[in-house]
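Asks: Sharing a structure with you now.
The values are calculated or read from the model by the stated rules, or taken from the named source; none is laboratory data. This structure is a prediction, so every number in the text was calculated from the model and none was measured. Don't worry about glycine lacking a Cβ; one is built from the backbone with ideal geometry, like all the others, and counts go over all protein chains shown. The protein model used for the area step is the full one, side chains on, heavy atoms only, and it has no ligands, DNA or RNA in it. Shrake-Rupley method; radii C 1.70, N 1.55, O 1.52, S 1.80 Å.
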Amino acid sequence: MVVKLKLIKGKSQGKEFCFYKNKIGIGRNQDNDLVVYDLNVSRHHVEIIQDKNIYILRDLGSRNGTRVNHQTMTDVQLKNGDIIQVGEIAFEFKSENTLGNAVQSWQQIDPPDSASDRHEIAHNQTAAFRLDELKKFKSKTTNSENSYSVSIVRRSHFLRRHFRLLAFIGLLLCLVAGLMGYWVFYKDHSNFVLAINDQTDDLSFGCFDDAIVKACQRVQFKFYSRRGRVSVSFTPGFIESKATTVKVFINETAIYDIAPTGHKWEETVDLKIDRKLLKMGENRLSFVLDSDLKRTHRFGISHIVIQEESLYPPSLSKAQWFIQQAEHMLSLKDSERYALAYSESYYWTALGLLEGFEPLPLIFYKTQREYKNVSDELSTVLESYRLKAEQAQNNKHYFEAETILYQSLEYLPHAHDLRRISIEKKIASLAKNHEL
């Protein structure tokens, strides 16, 4: 299918950009498929991913965010006619079955004439303004060039007269900022309840040398729930001793024990949270070190993500249809590698259609068992490939390890699957080693 992005806001309004690719990157850097010369756009701002006939827009942690139909979004399914806004540029999204004039080479919007200007925009830091703040800022700028010039002259006289005072104030502010930074990064945060936000995915917590946020006894987060389907993913590491026990709690209930990882970051852990453990409103996620152990024992948690899906309207007939589809895919697992993932997905959808019933029907518990069995079987298969790839990597057979991981991707057909994304990152890392 062809993706068409029609520019509806910008200098070249009305221009249409066509792509025939499974993944389209948009941003300021030259390695994007569509290069946008706007300092309010991050270097790698957003990407559009095709999953069969579905297109998913994913914000890549941009500084000023991405808006779809005037609402800030991080991960959303696109449909024809949706308006995507990055910085001061807005597109209308459209997908078609006909090829038309589709191209795969990169394109750019309103590039500056000078190569040095293009390079400067591509590599400068993203402007710190949000879109609404930028408009307010622009409205405050003066319309009179003369008054602007006079204000510049007055400021220069003021700076010359009070240079020492300003230098002292600047030094004092740097000292205060340094002390605050020391307090934030080196103070033990075991008794603090931290908030989950967009930056949490990039931070590391715990009791090891390079932890961004120190917490030697426990790490606690608060999050808000509407008692939908909540999933938690995180990466454990630096749990070196077999005597070290780190438990994961939702509110007051232990839901998972983290095994020792050695002196490294382990595989990402994905947990589906039982709705019975959730409260409407504020909930707490905790990673707790065994209280009987000494503070010298180390542990680390990073890449923490909490997601919540709203429940489907309960429907027994639809649930039974998805269960039949799951059983059919399960019968194909010996011949089709993707069958386990589709079966897992169908069972998960069926559970969502049954969870809204009060009380839960008996078929829910049977489906839950089947889902767990399929999920465990898929995890075992992926783990076997991971171990083979790790062994090849340890022997410095990087190309062989890369090939094994590519084979494992055939078991994960969904582009937005976190397990697939994790494997793709490993492949990219191995490719660099292979090039070296």
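Asks: So how many residues does the stretch 44-90 have that are in contact with an Asp or Glu (Cβ under 9 Å, 6 or more places away or on another chain) and of a type in the set (D, E, K, R)?
Replies: So the answer is 6.
Asks: Assuming Asp210 fulfils every condition listed in (1) free of Cβ contacts under 8 Å to residues at least 60 places away in the same chain; (2) assigned to a strand (DSSP E or B) apart from one, which condition is it?
Replies: The number of the failed condition is (2).
Asks: Give the stretch 249-301 a look and list any residue that's part of a loop (DSSP other than H, G, I, E, B), open to solvent by less than 60 Å² (accessible area, probe 1.4 Å), more than 30 Å from Lys426 (Cβ to Cβ) and at pLDDT 80 or above, or say none.
Replies: Asn251, Leu278
Asks: Quick one: in the stretch 21-49, of everything that is of a type in the set (D, E, K, R) and open to solvent by 10 Å² or more (accessible area, probe 1.4 Å), which residue is farthest from Leu60 (Cα to Cα)?
Replies: The residue in question is Lys21.
Asks: Name the residue that is modelled with the lowest pLDDT, counting only residues in the stretch 84-119 that are open to solvent by 30 Å² or more (accessible area, probe 1.4 Å) and hydroxyl-bearing (Ser, Thr, Tyr).
Replies: Among residues in the stretch 84-119 that are open to solvent by 30 Å² or more (accessible area, probe 1.4 Å) and hydroxyl-bearing (Ser, Thr, Tyr), the one modelled with the lowest pLDDT is Ser105.
Asks: Are any residues in the stretch 168-192 modelled with pLDDT of 75 or more and surrounded by 12 or more Cβ atoms within 10 Å (Cβ to Cβ), and if so, which ones?
Replies: Ser190, Phe192
Asks: Give Leu353, Leu360 a once-over and let me know the one that is under 24 Å from Tyr312 (Cβ atoms), at pLDDT below 95, surrounded by 19 or more Cβ atoms within 10 Å (Cβ to Cβ) and out of contact with any Cys (no Cβ under 6 Å at 6 or more places or on another chain).
Replies: So the residue among Leu353, Leu360 that is under 24 Å from Tyr312 (Cβ atoms), at pLDDT below 95, surrounded by 19 or more Cβ atoms within 10 Å (Cβ to Cβ) and out of contact with any Cys (no Cβ under 6 Å at 6 or more places or on another chain) is Leu353.
Asks: Which of the residues that make up the stretch 199-219 are under 20 Å from the mean Cα position of the chain (by Cα) and open to solvent by 20 Å² or more (accessible area, probe 1.4 Å)?
Replies: Gln199, Asp201, Asp202, Leu203, Ile212, listed by residue number.
Asks: Quick one: count up the residues across the stretch 363-382 that are under 13 Å from Leu316 (Cα atoms) and in contact with a Phe, Trp or Tyr (Cβ under 9 Å, 6 or more places away or on another chain).
Replies: Number of matching residues: 2.
Asks: If you check Ser335 against the conditions, is it outside any strand (DSSP E or B) and either of a type outside the set (Phe, Trp, Tyr) or within 14 Å of Arg229 (Cβ to Cβ) (or both)?
Replies: Yes; evaluated as a whole, the condition is true for this residue.
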